[in-house]
Amino acid sequence: MVLNEKGYELRKAQAQEFEKAIVEFSDYAIQHPEIDSRILKARENSLRTLLARINTELAEYEDKQLESLALAAKNYPKISQQRYKSLTKLTNKIQESNQVQNQNIYSSSLDISGIAWQQTLKQVFDKIDQYNPNKETVSQWFLSLFKLQYRKLEKESL
């Protein structure tokens, strides 16, 4: 059986219930010697078998989780390096495009983040416009919204 996180939690709770039931069977057998102990022992053994199966499933799930964490940890340096390289490449590209006012990387970070933000918005707007071809473009809508807000601010300041 393949478990997901919710299934894992349910099986874990079920295992705890089985453990309690096994203890109760043992205590009951001790308290009531007049009952045939073979029947109680058989019930206890069947519960132990089910508990062993559940514990095996839980252990397999935990192994898979640990395996995926180990794989993610192994790949993290690669992903981090790729992210760093792409950010460096973007920063260099923006600086070389003469869109930043100051060539010092630390003082031009606001310019760079502003340009990156504009590019991101442009990409998002273009993606939305693909699914909305017959209507006003999103960038036009945003521009009209900003103009409206600007007019409101002008009126309030007067």
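Rule-based calculations on the coordinates, nothing more; no lab input. Computed from a predicted structure; not experimentally measured.
Tell me which lysines have Cα within less than 20 Å of Lys85's Cα, excluding those fewer than 8 residues away on the same chain?
The qualifying lysines are Lys74, Lys93.
What are the semi-axes of the equivalent ellipsoid for region 1-97, taken as the square roots of 5 times the Cα gyration tensor eigenvalues, largest first, in whole Å?
Values: eigenvalues 640, 21, 14 Å².
Taking √(5λ) for each eigenvalue gives 57, 10, 8 Å, largest first.
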